[in-house]
Structure formats: C-alpha cells, structure tokens
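What follows is a set of notes on a single structure, which appears directly below.
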Amino acid sequence: MDQNLKNLPLSKILDIEKLHNVDKPIEVANGLPNECYTNNDYLAHEREKVFFNKWTVIGVASSIPNPGDAKPHNLLGIPLILVRDKNMKIRVFHNVCSHRGFKLLEKLCTLKNVIRCPYHSWSYDLSGKLIATPHIGGLNNHTSENFDKTKSNLKEIKTKVWMDIIFVNINSNEIEFDEYIKPLENRWQKFIKKKDHNSLVHSNDYGYFSLNVNCNWKFAIENYCESYHLPTIHPELNKVSNINDHYHIQGLPNRFAGQGSKKYEQPAKGNKKFNTFSNWDKDMLKNSEYIALFPNVMIGLHIDHFYVFWLEPLTMNETKEHMQIYYVGNESANGSDLKELRKENSRFWKDVMLEDVNAIEGMQKGRNSPVYNGGNFSPVMDQPTHQFHKWVANSLI
Ligand code: FES
Ligand SMILES: [Fe+2]
C-alpha cells in the first residue's frame, strides 16, 4: 500500500451529506457510500481516523511466544515491529532506524539481545533504547561528543494486549485501553472473568489459518455483525442454530456490535470434549457470542473455545483475514487426545468463513455500480451492521 496517499479533503472525495445520512434512524438511513469501498483517495482519511486514532489490532501475542521473538507488520503502509522483550512484555515500535531510516526488520526472527540495523549497525535493546553506535565518531570511535544517544531511541507505539490480542493506538489519542474495553468486559462477566483470561491457550497445531479475500475489510465486519444471512449463506449452520436462536449485540458506547446464539453445542468425539471455562453462568451454557470490536477484529466466545478473527487491510479491495483459535488450558489446546477434535473445529470455522467470502466479495463487486448509494438496512435484522456504519461515519466526520 502506498504510504504517501494524497490527502485530498474528504469533501472532494465524497458527498459529506451521505455520511450524515448514515447516522439517521435505521428506517431512513443509508449505508456508507460507494467511495468508502472503492476510492483510493478515501483511504488516506480512513487510515488516519478509523485506524490510527483508534485501538487497532495487529496480531496476537502468542505468535511471538519467547523473549526476543520479533515480527514485522505492515499497517496500511506503516512498517512496524512487534517484539517480546526480556520481561515477556509485548512492545511495538516503528520499524525504522533512527540513523538514516533503514527498515530494521524484514522477517520473523528471534533476537538475542538487540535489534541491530543492517546498514551501519546501530543497535537498540529490546525496550527500544539505542545502545550502540559503532564508529559514529570515526573509525573505532563509538561515541560522538555532540550526539545525544538518548534522543534516538526507537519510536514506541502505545500498545495493549487483551485476551492475547495486540492492540495499538498509533496516534496515542484514544482513551486508555482499560476504559475502552470495559463495556465488553462487563458484558462478558457472565461468561469469563478477568482471571479466566490466563486459561486461554493458543493451539499450536490447528490454531491458525488465513484467507485472502478480494474485498474491502469493512465488508467482513458488517457481514459478521448480522445473522440475517444465515439461511442463504450458511444453510448447514442454519439447521442447528437459525435466525430465531440468535440475538443482536450492540455495545454502548458504540465500540462493538454483533450477535449471539442460544444454541451452541460443544463439539464432541465419543465422550471426548474440550475443557470449559470455570466461571461460565450455569444458565447460559449454550450461549455463544460473536462480536466485532471496531475497527478490525471479530471475536467468538464459546464455553469451550475462543477465537480471534482479525483483519489486515492490504488495499482498498484486498484483505487478509487471520484466524486464531484458543482453548481452555493446555490439554485442550495441545494435548494429543483432542487433536482430531481440534482439527474438526478448525475445519468447521474455515468452512463457515469460506462461505462468507462469497458474500463479502459479492458486495465489493456491487459497489462498482454508480446507482448504488449505500443502500438501506432492515430495521429489524441489520441493527448491529448499521451500528458499525455509524461508527465509521462518525469517526470520519
Ligand atoms: S541507517 Fe541504521 S545504522 Fe545507519
Ligand atoms: Fe456468515
């Protein structure tokens, strides 16, 4: 993605009135206009206001499990480094050397003690501190009188790990994460207490898959928010849990939306099942919840597993979807006894997500039509989707 997106005023790109129309009552509201899915100039605004000003997801902590593990990531053109430091803390830095701007890290690796720039060997410790500047004062002179090392540390980004998900606020201007996530944590008190977060274990064998889809990232979120498409897109799923078994979730203040099911059945093989969360409300054993936390992560919570389905926007109409699956305790996540069951569970979700690919790519194709203007919502079925559109529109205005 081009880093130097032209910054045309938003009003030159789309009719601002159309964004105000999104915020109207659902019966008369329109969805986001076509430009939000097709126009490259629009992307500069979205990048800043919808991603950099917010808590955005760039991966999961278990993908860099050991001290020194480091991974590059490209967030809409901005090169980043994710590192696990010696104290096991996850840190995120801008992936650029303070000297002449060389990109420091190109691929996943385990660093011994430092991030060393391949160009002139300036080195930073894992907390980002510049600790070595070889020959900066001439041959074999590693200091320079007028050069203040402390001013050239790596630029660290405000980062928070929650339920293994790595969130960053690039512009450091969003409210504190703990406050930000509170409404969702409160909602989920009946399922999973804070102390239960530690029991989540990422599965090493069938705990990850990715999909490349030919559409704008927003379509994945808006599709995830509604169960309206169950009978048509997921006929098999609909047999076990149909529209009537689902309920809307609209988290206020407007930071998340989604749906829940009251018909979740734990996968089983003979008498083998996955472990369950220990503080799950006994009256809600069959509840599962599917929530999109804006902008770019979708999470699924079940009594016996949790998944994080996060989006990496690549271009206006290309997105990489990353699926990470967790179980309760190591035995369920990695034990050989439940390997087959994990394989089936991963396959199940992959099939569901693949069915959704048709839906979301279909919407991208339709957005090239000049007569479409954001369309309408079902006042009953599309409320969470409308909520997401309002969040995007309000973030832009
Ligand atoms: S650019 Fe990194 S050491 Fe020179
Ligand atoms: Fe779906």
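The values are calculated or read from the model by the stated rules, or taken from the named source; none is laboratory data. None of the values given here were measured: they were computed from a predicted structure. No Cβ is skipped: glycine too gets one built from the backbone with ideal geometry, and neighbour counts run over all protein chains shown. For the accessible areas, the whole protein counts, side chains as well, though only heavy atoms, and no ligand, DNA or RNA atoms are used. Shrake-Rupley method; radii C 1.70, N 1.55, O 1.52, S 1.80 Å.
For region 159-247, what % of the accessible area comes from carbon and sulfur atoms, probe 1.4 Å?
47 percent
Under 4.7 Å Cβ to Cβ, no partner at all: give me those cysteines from the chain, in residue order.
Flagged as lacking a Cys partner: Cys36, Cys109, Cys215, Cys225.
Leaving out same-chain residues fewer than 8 places away, which lysines sit with a Cα under 16 Å from that of Lys262?
Lys190, Lys239, Lys282, Lys286
For region 299-310, what does the Karplus curve 6.51 cos²θ - 1.76 cosθ + 1.60, with θ = phi - 60°, yield as ³J(HN,Hα) per residue in whole Hz, taken in order and with x for Gly and Pro?
Karplus values, whole Hz, x for Gly and Pro: 10, x, 10, 10, 4, 10, 7, 9, 10, 10, 10, 10.
Using a Gaussian network model of the chain whose springs link C-alpha atoms within less than 10 Å, name the residue from Ile165, Ile136, Ile16 with the highest mean-square fluctuation.
Ile136
Can you sort His45, His99, His142 by solvent-accessible area, 1.4 Å probe, largest first?
Largest accessible area first, the list is His142, His99, His45.
Can you give me the angle between helix 177-187 and the longest principal axis of the chain, using Cα atoms only, in degrees from 0 to 90, rounded to the nearest 10?
Computed tilt is about 20 degrees.
At a probe radius of 1.4 Å, what is the per-residue accessible area of Ser378, in Å² to the nearest 10?
Number for this one is 30 Å².
By a straight-distance test (C-alpha under 17 Å), which lysines pair with Lys339 as possible cross-link partners, with residues fewer than eight away in the same chain excluded?
Cross-link targets: Lys269, Lys272, Lys273, Lys350.
Which value, in Å² and to the nearest 10, is the accessible area of His120 when all protein chains are kept and the probe is 1.4 Å?
For His120, solvent-accessible area is about 70 Å².
Compute a Gaussian network model of the chain, connecting alpha carbons closer than 10 Å, and tell me which residue from Asn39, Asn214, Asn271 fluctuates the most.
Between Asn39, Asn214, Asn271, it is Asn271 that shows the largest mean-square fluctuation.
Using just the Cα positions, wrap the chain in a convex hull and report its mean projected area in square nanometres, one decimal place.
If you wrap the Cα atoms of the chain in a convex hull and average its projections, you get 21.4 nm².
Would you list, by chain and number, the lysines whose Cα falls below 22 Å from the Cα of Lys112, excluding same-chain residues fewer than 8 positions away?
Lys71, Lys86, Lys89, Lys103, Lys129, Lys149, Lys155
Leaving out ligands, DNA and RNA, and with a 1.4 Å probe, what % of the accessible surface on region 77-137 is carbon or sulfur?
Within region 77-137, the accessible surface is 52 percent carbon and sulfur.
Suppose accessible area is computed on protein heavy atoms with a 1.4 Å probe; arrange Asp205, Asp304, Asp178 from highest to lowest.
Per-residue accessible area, sorted high to low, gives Asp178, Asp205, Asp304.
Assuming a ≥ b ≥ c are the square roots of the Cα gyration tensor eigenvalues, decide whether region 1-111 counts as rounded (a/c under 1.5), prolate (otherwise, with a/b larger than b/c) or oblate.
prolate
Quick check: the angle from helix 339-366's long axis to the longest principal axis of the chain, C-alpha only, nearest 10 degrees?
Tilt relative to the chain: about 90 degrees.
Along each of its three principal axes, how wide is the spread of alpha-carbon positions in region 58-160, in whole angstrom units, largest first?
Projected onto the principal axes, the Cα atoms of region 58-160 cover 42, 28, 22 Å.
Residue-wise, which Karplus ³J(HN,Hα) couplings in Hz belong to region 119-132, taking 6.51 cos²θ - 1.76 cosθ + 1.60, θ = phi - 60°, and x for glycine or proline?
7, 10, 6, 4, 10, 10, 6, 6, 9, x, 6, 6, 10, 9
Using θ = phi - 60° and the Karplus curve 6.51 cos²θ - 1.76 cosθ + 1.60, what whole-Hz ³J(HN,Hα) does each residue of region 253-266 get, with Gly and Pro shown as x?
These are the phi-based 3J(HN,Hα) values: x, 4, 10, 8, 7, x, 8, x, 10, 10, 10, 6, 10, 5 Hz.
Based on DSSP H runs of at least 4 residues, each adding -39500 (n - 2.57), what is the mean residue ellipticity at 222 nm of the chain after dividing by all its residues, to the nearest 500 deg cm²/dmol?
Dividing the helical sum by the residues of the chain leaves -7000 deg cm²/dmol.
On the protein heavy atoms, probe 1.4 angstrom, tell me the percent of accessible surface of region 274-379 carried by carbon and sulfur.
Whole-percent figure for carbon plus sulfur exposure: 48.
Which trypsin sites (Lys or Arg not before Pro) in region 259-299 sit in a loop by DSSP (not H, G, I, E or B) and have at most 16 other Cβ atoms within 10 Å of their own Cβ?
Those that pass, being in a loop and sparsely packed, are Lys262, Lys263, Lys286.
Per residue, how much accessible area does the chain show when a 1.4 Å probe rolls over the protein heavy atoms, in square angstrom?
Per residue, the chain has an accessible area of 45 Å².
Going by amide H atoms built from the backbone, whose H comes under 5 Å of the H on Asn296, apart from near neighbours?
Residues meeting the amide H criterion: Val57.
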